[in-house]
Amino acid sequence: MAAFTELVFSGVQPTGNLHLGNYLGAVKRFVEMQARDAQCLYCVVDLHAITVWQDPEALRGQIREVTAAFLASGIDPARSIVFNQSQVPQHAELAWIFNCVARLGWLNRMTQFKEKAGKDRENASIGLYDYPVLMAADILAYRATHVPVGEDQKQHLELTRDIAQKFNTDFSGSIAAHGHGDAFFPITEPLIGGPAARVMSLRDGTKKMSKSDPSDNARINLTDEADTIAQKIRRAKTDPEPLPSEVAGLKDRPEADNLVGIYAALAGITREEVLRDFGGAQFSTFKPALADLAVTSLAPIAGEMRRLTADPGHIDAVLADGAGRAETIAAQTLDAVKDIVGFVRRGPSLQAVR
Ligand code: TYM
């Protein structure tokens, strides 16, 4: 099997209401990944956002807000490549080629489409249906080897792996003929894990914390003020029992499990370690401790986001710089893909250059 250089890619949709689930399940882990000796690319996926209706003026603001959240959380745009998807045309271009690789049956199995389209499926956009194929293109335009995401993205990443595998198999002769050995695309590794891979609603521990929950009390937004954060945690649904001293005791207690998971992720420790300190404690003790921790972790991010969004020119410059660097990588992939697929293209092929 061909060896691929480690490269990390992930994306966040600019659809408003960036919340604690996005932060703990994704953005905080993006920051941690920067310590690895690998190029990281973090993308604001605006092409994905328009698979459902977005008000154009609001969308522009949301793209800048997610970028600000990346930077405020600690993503360093000099070290990582930070950009918005629509500035790099290769994503959409590769998605088309992958549309011709992916099978209808694969997409028909995607549970997120079924959830998002709901009962009115006939009225969903084709883009919403095709969403996971564009995701595969995002990742594979950079031949990314590792993708940190929350648990809800697992099935989409399996589809990415299937598309890479099928492309490698369908074009194996051409891939070898163009000097890429036995595989052109890596079989990407999803990085799903930690205590907050699936942060649940504060109002219902069986439902995912989500941007689209009609109740704002169900989630902590990254832009919430300290008072609001503390109040939402105080009001979070719980059960009447004290916290258990063992993780096994969290089974069938979804709200308790969720709050312990949030504490663990914010503190950078495990659920076991949280219960070592709080086992036997009532929620009247645990909730204020969690609220303090959440406020100390999140308030500085919200403050920095406000500072950054006040200067859209700076954010746009970061995105433009990132897009330029991203495109340099993606254009090489697309040139190679076009040669492999058999297209005639402008300029010397990579093989001729070599
Ligand atoms: P989005 O914007 O819906 O979510 C961004 C990230 O947040 C994670 N997440 C959660 N993690 C834990 N608990 C939750 N309640 C929770 N809610 C959301 C998501 O898993 C995700 O990691 N389709 C992607 C965006 C995307 C992408 C990509 C990701 C487009 N192309 C390529 C990786 C690679 C999404 O879910 O965005």
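What the phi angles of the stretch 317-322 give under the Karplus curve with 6.51, -1.76 and 1.60, with θ = phi - 60°, is a coupling list of 5, 4, 5, 5, 5, x Hz, glycine and proline written as x.
With a 10 Å Cβ neighbour count serving as the proxy for reagent exposure, in which order, fewest first, do Leu24, Leu157 appear?
Details: Leu24 25, Leu157 20.
The order, fewest Cβ neighbours first, is Leu157, Leu24.
Take every Cα pair under 8 Å in the chain that's 6+ residues apart, average their separations, divide by the length, and report that relative contact order as a whole percent.
Numbers: 544 pairs, mean separation 82.1, N = 354.
Over the chain, the number comes to 23 percent.
With only Lys, Arg, Asp and Glu charged, each at its Cβ (+1 for the first two, -1 for the last two), find how big the charge dipole of the stretch 215-309 is about the Cα centre; round to the nearest 20 debye. The partial results should precede the final answer.
Working: 12 positive and 15 negative charges, 45 e Å.
For the stretch 215-309, the charge dipole is close to 220 debye.
What list do you get for Phe184, Phe4, Phe343 if you sort them by fewest beta carbons within 10 Å?
On the way: Phe184 23, Phe4 15, Phe343 11.
Listed from fewest to most nearby Cβ atoms, that is Phe343, Phe4, Phe184.
State which entries of Lys154/Lys338; Lys166/Lys211; Lys208/Lys232; Lys116/Lys287 exceed 26 angstrom in Cα-Cα distance in the structure shown. Walk me through the numbers before you get to the answer.
On the way: Lys154/Lys338 29 Å; Lys166/Lys211 34 Å; Lys208/Lys232 16 Å; Lys116/Lys287 33 Å.
Distance filter (> 26 Å) returns Lys154/Lys338; Lys166/Lys211; Lys116/Lys287.
Projecting the Cα positions of Ala264, Tyr42, Ile139 onto the charge dipole of the chain (unit charges on Cβ atoms of Lys, Arg, Asp and Glu, taken about the Cα centre) puts Ile139 furthest along the positive direction. Positive-end ranking of Ala317, Gly205, Val52 along the dipole of the chain, with charges on Cβ about the Cα centre, is headed by Val52. Can you figure out the FRET efficiency of Arg234 with Asp37, using R₀ = 45 Å and their beta-carbon distance, to the nearest 0.05? FRET efficiency, Arg234 to Asp37: 0.60. Nearest 10 degrees is fine. How inclined is helix 283-309 to the longest principal axis of the chain, computing both from alpha carbons? Tilt relative to the chain: about 40 degrees.
From its DSSP helices (H runs of at least four residues, each -39,500 (n - 2.57)), the chain gives a residue-normalised ellipticity at 222 nm of -16000 deg cm²/dmol. Note on the stretch 174-214: with charges restricted to the Cβ of Lys and Arg (+1) and Asp and Glu (-1), its dipole about the Cα centre is near 360 debye.
Let me spell out the model: positive unit charges on the Cβ of Lys and Arg, negative unit charges on the Cβ of Asp and Glu, origin at the Cα centre of the chain. What dipole size does that give, in debye rounded to 20?
Numbers: 38 positive and 44 negative charges, 83 e Å.
Dipole size: approximately 400 debye.
What angle do you read, to the nearest 10 degrees and between 0 and 90, between the alpha-carbon axis of helix 126-140 and the longest principal axis of the chain? Roughly 80 degrees, rounded to the nearest 10. Among Phe286, Phe9, the ranking by other beta carbons within 10 Å of each residue's beta carbon, starting with the fewest, stands as Phe286, Phe9.
Once backbone amide H atoms are built at 1.01 Å from N, Leu7 has Thr145, His146 as its partners under 5 Å, excluding neighbours fewer than 5 places away on the same chain.
Any read-out appearing in this document is the output of simple, stated calculations on the displayed coordinates, not a laboratory observation. Just so you know, these numbers come straight off a predicted model, no measurement behind them. Note that we place each Cβ from the backbone using ideal geometry, even for glycine, and neighbour counts take in every protein chain shown.
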